[in-house]
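Single-structure report; data block below.
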Amino acid sequence: MTTILDILEKAVAEGASDVFIVTGLSLSYRKNGVIVLKEGEKLMPPDTEKLVQEIYELADNRNISRVMETGDDDFSFAVPKLSRFRVSAYKQRGTLSAVIRVITFKMPDPNELGIPQTIINFGQLSKGMVLVTGSAGSGKSTTLACMIDSINRTRSTHIITLEDPIEYLHRHNKSIVSQREIDVDTESYVTALRAALRQSPDVILLGEMRDYETISVAMTAAETGHLLFSTLHTIGAANTINRIMDVFPAEQQHQIAVQLATVLDAVVSQQLVPTVDGQVVPAFEIMVMTPAIRNMIRENKVYQIDGFIHSSGSSMVAMDTSLQRLYKEGRITKETAIEFASNPDMLSKRLM
């Protein structure tokens, strides 16, 4: 039977982003956003169990008991001279399965990926909060890695990343980079974030703002003079701000609105959109905080932010403007632009 190492080597060679090892299905890859079934027999329970065990062996003989007992385990590992991999191992229908994300050793190039310089420049801020948002698999981690890499190459800082799991490995350059993995180096985001404030950081990357406590500590970190990057699974600046507010009890929301209006500096939302040649390209909404937007947040007029971004000219970019540009460049179809639009009816009229 094919080994997991053979599978990973082929996935890297073919440019796959994900590998699916699921019982009852032949081996599958995701390439350019599309799942491709590989030729071969369906994987049976003993096959997937053997492959998942091999994954754990490759990951420095990681203890497999966690997935066996709880049904879930997330971790990452590297194969020298091949690539780095992020694994989500899980049980389904009582059998072991895994999805493996392929992460290259090479630091991503924002120009090749189509990430605007405006976004990379947020790394030059001295303090505050920058949020990168989007659905799972939209490239948030890659965008953040590019921003951290830019800081590492251009500024003398202490960068602390808190990740679950670590994806891109940052070598010390102009900056010192401390990378901590949840469950491996520390017990939780909140514990690690509180500890980070005592570790003389200049820049903190918080993998995800998951809950009330994490968001509270993150805002305090940004408020006390640190530059903090984090993510949420939202699309659009207004939705992102509302999501943060909704985490808190009603009686605290005004206070949080005032605090958020003070510490937030930018919200980047992104989607990976299929192109006419079968690839994917990122589309971005970029909101930069202005006095007007800070007032909208303080005065509970977040619903006005989308319109403000759209009419702000070159200083910000609306998602639909980004999609319209990709369509005019011939990179995506009209149908695709409308499918991913924030306001499909309005964009449809603009593309006529």
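The values are calculated or read from the model by the stated rules, or taken from the named source; none is laboratory data. Here the structure is a predicted model, which is why all the values come from computation and not from measurement. Quick reminder, even Gly has a Cβ in these numbers, built from the backbone with ideal geometry, and neighbours come from all protein chains shown.
Quick notes on this structure:
- Here Glu339 meets each of (1) within 20 Å of Ala261 (Cα to Cα); (2) surrounded by fewer than 19 Cβ atoms within 10 Å (Cβ to Cβ); (3) of a type in the set (Asp, Glu) with one exception, condition (1).
- Residues of the range 154-207 satisfying the condition of being free of Cβ contacts under 8 Å to residues at least 12 places away in the same chain, small (Gly, Ala, Ser) and closer than 20 Å to Arg84 by Cβ: none
- Within the range 126-142, if we keep just the residues that are out of contact with any helix residue (DSSP H, G or I) (no Cβ under 8 Å at 6 or more places or on another chain) and in a helix (DSSP H, G or I), the residue that is surrounded by the fewest Cβ atoms within 10 Å (Cβ to Cβ) turns out to be Ser141.
- Count of residues meeting criterion [in a loop (DSSP other than H, G, I, E, B), of a type outside the set (D, E, K, R), in contact with a helix residue (DSSP H, G or I) (Cβ under 8 Å, 6 or more places away or on another chain) and more than 29 Å from Ile256 (Cβ to Cβ)] in the range 173-218: 2
- Residue tally, condition closer than 30 Å to Asn63 by Cα and without any contact (Cβ under 8 Å) to a residue 40 or more places away in the chain, over the range 210-231: 4
- Screening the range 194-220 for residues that are crowded, with 24+ Cβ neighbours inside 10 Å and of a type in the set (A, V, I, L, M, F, W, C) and picking the one that is modelled with the lowest pLDDT gives Met209.
- Of note, Leu37 does not satisfy the criterion of being modelled with pLDDT of 95 or more and either surrounded by 12 or more Cβ atoms within 10 Å (Cβ to Cβ) or closer than 30 Å to Ile151 by Cα (or both).
- Which listed residue, of Val132, Val99, is within 25 Å of Leu272 (Cα to Cα) and in contact with an Asp or Glu (Cβ under 7 Å, 6 or more places away or on another chain): Val99
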